[in-house]
Amino acid sequence: METKLLLPTQANIEIVGKALRDGLLVGIPTETVYGLAANALNGNSVSEIFKAKGRPSDNPLIVHISDISQIQKFDLVSEIPENVKKLMRSFWPGPLTIIMKKNCVPDEVTAGLDTVAIRFPSHKITQKIISSANIPLAAPSANTSGKPSPTTAMHVFHDMNGKIPYIVDGGICEVGVESTVITVAEDVPVLLRPGGISIAQLENVIGHVEIADAVLNQLKDGETAQSPGMKYKHYAPDTHIILIRASDEKFAEYVNSQGATALCYDEDVKNLTVRCYSYGKKGDYASQANRIFDVLRQMDNDGVKLAYGRCPESSGDAMAVYNRLIRAAGFEVIELA
Ligand code: AMP
Ligand code: MG
């Protein structure tokens with residue numbers, strides 16, 4: 001199959017809207033990362049997403065809408081609890097995915113769970129594509145399963161060339177990491193994935209939010225994940241990454257002495273004598289989120305075998321990048337006191 005890259009003109013948005021209605025897969029830009037979209041109401045189309053990505057079939061997908069009224073129109077959930085309404089008012093459209101008790105959503109989307117994950121993206125092109133298709137779209141990140149997520153149309157082309165008919169090029173994704181995922185299906189809200197909306201922002205609106213253990217820690221053998229995606233290898237480039245938790249000085253001293261590649265902050269570059277890939281400014285978590293996946297992919301393109309990475313902070317606004325990098329490194333961390 002030839003994969004066409006399309007600019008987001010009105011004519012092209014109509015072409016992909018029809019393709020989605022006809023059951024085809026389309027790579028689409030969003031403010032978080034690029035998605036691999038299909039008609040969320042058609043189980044057969046949704047199955048094709050799992051094939052194209054090589055995604056385990058027990059890992060459910062997020063359903064994307066372009067208007068809150070579509071939840072009712074397509075009868076996606078059984079009820080919208082009060083705290084969910086508050087979250088919707090505060091953070092939609094935007095990078096927040098909310099898990100609720102499902103109603104009419106095919107089992108292929110939800111991996112047989114009785115809940116469904118829903119998001120209303122803020123990216124104008126995403127909204128236009130959903131509106132043009134006139135159906136909710138199931139869309140995971142548009143990468144090969146296990147690999148770093150795509151933040152440009154060329155990243156999607158790299159992973160999906162020959163497998164899908166269209167990719168809409170909407171430029172670089174502004175947020176750069178996936179949406180925050182929160183479940184309100186139980187009594188206490190639980191953060192299942194940190195992302196574009198921080199835990200502090202959520203707690204400002206609905207009070208205390210628990211953090212699922214697997215957000216920051218590796219699942220132990222036999223432990224069940226609250227979100228199926230947590231149990232899989234994720235975001236990992238071919239490059240072997242080892243994270244180093246250390247001061248500026250200790251990090252530079254260690255990496256220089258090893259002579260391998262560094263995955264570091266912009267400010268580290270001047271202290272390093274090795275090849276450097278910087279993933280943003282120290283303390284500037286938005287810049288780190290915006291660049292991390294592109295840098296991981298660049299290291300693969302350059303054939304880097306081993307890189308020592310600056311371990312980001314793990315709390316507050318830094319949590320989203322930490323969650324991605326610790327998985328990219330397979331939880332391998334060296335502590336230098
Ligand atoms: P991705 O589609 O790659 O952005 O990943 C979506 C994430 O949301 C995965 O980690 C899924 O496990 C999680 N997810 C989607 N639906 C549900 C659900 N109903 N319950 C729990 N987690 C979910
Ligand atoms: Mg993904």
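Return the pair list, or none, for Cβ contacts closer than 7 Å from residues in the stretch 290-319 that are more than 15 Å from S149 (Cβ to Cβ) to residues that are at pLDDT below 95 and among the acidic types (D, E), at least 6 apart or on different chains.
none
When residues of the stretch 137-152 are filtered for being more than 11 Å from ligand 1 (Cβ to nearest atom) and surrounded by fewer than 24 Cβ atoms within 10 Å (Cβ to Cβ), how many remain?
Here the count works out to 2.
Are any of the residues in the stretch 146-162 under 20 Å from A117 (Cβ atoms), touching a Gly at 6+ places or on another chain (Cβ under 9 Å) and polar (S, T, N, Q)?
yes
For the stretch 215-223, does any single residue satisfy the condition of being in contact with a Cys (Cβ under 9 Å, 6 or more places away or on another chain) and in contact (Cβ under 8 Å) with a residue 24 or more places away in the chain?
For the stretch 215-223, residues in contact with a Cys (Cβ under 9 Å, 6 or more places away or on another chain) and in contact (Cβ under 8 Å) with a residue 24 or more places away in the chain: absent.
Could you check the stretch 191-208 and list, in sequence order, the residues that are buried (at least 20 other Cβ atoms within 10 Å of the Cβ) and more than 17 Å from the chain's Cα centre (by Cα)?
L202
Just to be sure I understand, how many residues within the stretch 143-160 are within 12 Å of ligand 2 (Cβ to nearest atom) and assigned to a helix (DSSP H, G or I)?
Final tally of qualifying residues: 1.
If you take the residues in the stretch 161-190 that are part of a strand (DSSP E or B) and within 13 Å of ligand 1 (Cβ to nearest atom), which one is surrounded by the most Cβ atoms within 10 Å (Cβ to Cβ)?
Per the criteria, the residue is I182.
Given (1) within 12 Å of ligand 1 (Cβ to nearest atom); (2) in contact with a Ser or Thr (Cβ under 8 Å, 6 or more places away or on another chain), where does T110 come up short, assuming only one miss?
The one condition T110 does not meet is (2).
Here's a check for you: in the stretch 224-265, which residue that is of a type in the set (V, I, T) and not in a helix (DSSP H, G or I) is modelled with the lowest pLDDT?
Selected residue: T224.
In the stretch 282-331, how many residues are part of a helix (DSSP H, G or I) and not β-branched (V, I, T)?
Total meeting the criteria: 26.
Considering only residues that are basic (K, R) and modelled with pLDDT of 95 or more, look in the stretch 27-84 and name the one that is nearest to G171 (Cα to Cα).
Applying the filter and picking the extreme gives K53.
Please state which one of I172, I206 is modelled with pLDDT of 90 or more, farther than 22 Å from I292 by Cα and hydrophobic (A, V, I, L, M, F, W, C).
Result of the check over I172, I206: I206.
Across the stretch 93-130, what is the total count of residues that are on the phi > 0 side of the Ramachandran plot and over 20 Å from the mean Cα position of the chain (by Cα)?
Within the stretch 93-130, residues that are on the phi > 0 side of the Ramachandran plot and over 20 Å from the mean Cα position of the chain (by Cα) number 1.
Report yes if some residue within the stretch 114-128 is of a type in the set (S, T, Y) and not in a loop (DSSP other than H, G, I, E, B); otherwise report no.
Yes, some residue in the stretch 114-128 is of a type in the set (S, T, Y) and not in a loop (DSSP other than H, G, I, E, B).
Give the residue that is nearest to A185 (Cα to Cα), with candidates limited to residues of the stretch 72-108 that are touching a residue at least 60 places away in the same chain (Cβ under 8 Å), in a loop (DSSP other than H, G, I, E, B) and in contact with a helix residue (DSSP H, G or I) (Cβ under 8 Å, 6 or more places away or on another chain).
Filtering first and then ranking leaves L76.
Please determine whether any residue of the stretch 86-103 is touching a Lys or Arg at 6+ places or on another chain (Cβ under 8 Å) and among the hydroxyl-bearing types (S, T, Y).
Yes, the stretch 86-103 contains a residue that is touching a Lys or Arg at 6+ places or on another chain (Cβ under 8 Å) and among the hydroxyl-bearing types (S, T, Y).
Being more than 24 Å from E31 (Cβ to Cβ), out of contact with any helix residue (DSSP H, G or I) (no Cβ under 7 Å at 6 or more places or on another chain), aliphatic (A, V, I, L, M) and surrounded by 14 or more Cβ atoms within 10 Å (Cβ to Cβ) narrows it down to one of A260, A252, A286, A307, so name that one.
A260
Test L202 against the stated conditions and say whether it is touching a residue at least 24 places away in the same chain (Cβ under 8 Å) and either assigned to a strand (DSSP E or B) or within 11 Å of ligand 1 (Cβ to nearest atom) (or both).
no
Got at least one residue in the stretch 99-107 being among the basic types (K, R) and crowded, with 18+ Cβ neighbours inside 10 Å?
yes
The values are calculated or read from the model by the stated rules, or taken from the named source; none is laboratory data. A quick note: this is a predicted structure, and the numbers were derived from the prediction, not measured. All Cβ positions, even for glycine, are placed from backbone atoms using ideal geometry, and neighbour counts span all protein chains on display.
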